[in-house]
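To start, the structure under review is shown below, and the notes come after it.
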Amino acid sequence: MISPTRHLLAALIGAAFLLTACEAVDATPTPRPTWTPRVVTAVTIATPPPTETPWLAPVLGSTPTPSPTLTATPVSVARSVAAAPQPAAHNPLLPVLGKFPPLPVPARPANINPLTGLAADPALLQRRPIVARVGNEQIVRNNAWHAGLSVADLVFEELIDIIGSNYATTRYSAVFLSTDPPLIGPIRSGRIINFQIVPMLDGALAHAGASDGTRWLFSQTPMINLDEYFNQPAYCYMDIKTRPYYGRLYTAAPRLREWLRQKGWEASVPLYGFAFSDRAPAGTPVTSIALNKAPWPSAAAVQWKYDAASGKYLRFTVGSAHMDTLYTITAKWGNGAACVPTGTPAQTQIRAANVVILSAKHEKTDIIEDSNNAVSAHIILTGQGAAQFFRDGVMVQGTWQRASEQEFFRFVDKSGNPITLKPGNTWFEIVPTGYPVEVK
């Protein structure tokens, strides 16, 4: 559990760093976004199997108490009985956590990355995975402000923030274990989907804060929580005078690693990992994968195109190549420190060895995420659900399975045989149950 005392210490450390920050700016945490609801035409989609819940289920009652205000002296936080949230063991939005790893880790060579199946420096694999929340606003893509997605071991993309039956946009959880990109961002706020991803990795979550409801839920777990508000020396700001708030907060993997060591949170994490094979499976030839129908927002429409020359899938968003830009930065890390570019920008189109579509139940919650009363989505990635696997230009239909949030996904085909991934990076697209992915 992330205790008030730990948050207090982080806040005090951040204040000390303020004395050395260069080009200091207002260190107020990144503001919550505003969102204008998107007008869409009703879309009829295929009826899902009767045992699955389509798109959105009834609202889950989960109103939490807001995060307590920290003072200069550690205090115990008292809540009235009437205002007290559900006990952690019974709150359906919280993960059920036990001993980690929950299952024995398969034997593998010390130099094989359990997330990619590729060879890597064994020392790099003896670290805690970093899970960075990265935004997906259209202005960010148009200006090639994304950094780090192209070198992530894994990326999970999910729908966020519901008004009625509309979603605002999508957001990413990028996972770094074997790579240390010099720039990651723009960093955005956390969501409760992170309870479905971070425990599987025993990872450290880097994010630009959260709504009161989400932040309180984060505090109820032992997750390593690198909330910008309490860990500001781990972040810096890019072009504070010209960029909107959602395109200016960044970090660097080397800096996050240093911060984890300083806090005593770095550790070697035994990861169950995925199953990999160099052998291409038998399947249906598919060279284009598109998520372009409601409720997927039109401003975040995705297409993956198979490139036979590289054996990878190239990512396009709203018809344009989705570019990632990397360059080195310097910063006197502290409250409001500026990211100062020092390297030559290197741009590359985002690509993946595997694209996996995970179908999952999406439920409305009563967690308010912005001033337009958009609410958070509870995406359930335990149990099992339909999945589509794309590698080597073919599609395999199957099922994802796992018993708890701490377990890795197990992938099987219609006969119950394991489905293996191609060695390399993987993008997971998480869609509502019954969502019609367009394949060609």
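Between residue 91 and residue 439, the contour length at 0.36 nm per residue exceeds the Cα-Cα span by 121.5 nm.
Gyration tensor analysis over the Cα atoms of region 225-356 returns equivalent ellipsoid semi-axes of 34, 22, 15 Å (largest first, whole Å). Once the Cα-Cα distance is subtracted from the 0.36 nm per residue extended length, the residue 397 to residue 165 segment shows a gain of 80.8 nm. Over 24 Å between Cα atoms, which of 361/414; 293/440; 305/422; 99/422; 293/361 qualify? Going by Cα-Cα distance, 99/422 fall outside the 24 Å limit. Put simply, the amide H of residue 374, placed in the peptide plane, has neighbours under 5 Å in 369, leaving out anything fewer than 5 places away on its chain.
For region 339-440, the antiparallel share of DSSP beta bridges with both residues in that region comes to about 75%.
For region 187-264, the average shadow cast by the Cα convex hull is 5.4 nm², which is a quarter of the hull's surface. For the pair residue 139 and residue 108, label points projected 7 Å from Cα toward Cβ lie 4.0 nm apart. Listed by chain and number, the lysines whose alpha-carbon sits under 28 Å from that of residue 332, ignoring those within fewer than 8 places in the same chain, are 241, 263. Just so you know, the averaged projected area of the alpha carbon convex hull for region 334-416 sits at 10.7 nm². 3J(HN,Hα) along region 115-121: 8, 10, x, 9, 6, 8, 4 Hz, from the Karplus curve 6.51 cos²θ - 1.76 cosθ + 1.60 with θ = phi - 60°, whole Hz, x for Gly and Pro.
Summary value for region 275-429: 24 percent relative contact order, contacts being C-alpha pairs under 8 angstrom separated by 6+ residues.
Remark: the residue 320-residue 242 segment gains 25.7 nm on full extension, using 0.36 nm per residue and subtracting the alpha carbon distance.
Scalar couplings 3J(HN,Hα) for region 389-396, obtained by applying the Karplus form with A = 6.51, B = -1.76, C = 1.60 to θ = phi - 60°, are 10, 10, 7, 6, x, 10, 10, 10 Hz; x denotes Gly and Pro.
Quick note: the coordinates plus some simple rules give every number you see, no bench work behind them. This structure is a prediction, so every number in the text was calculated from the model and none was measured. We place every Cβ from the backbone using ideal geometry, glycine too, and count neighbours over all the protein chains shown.
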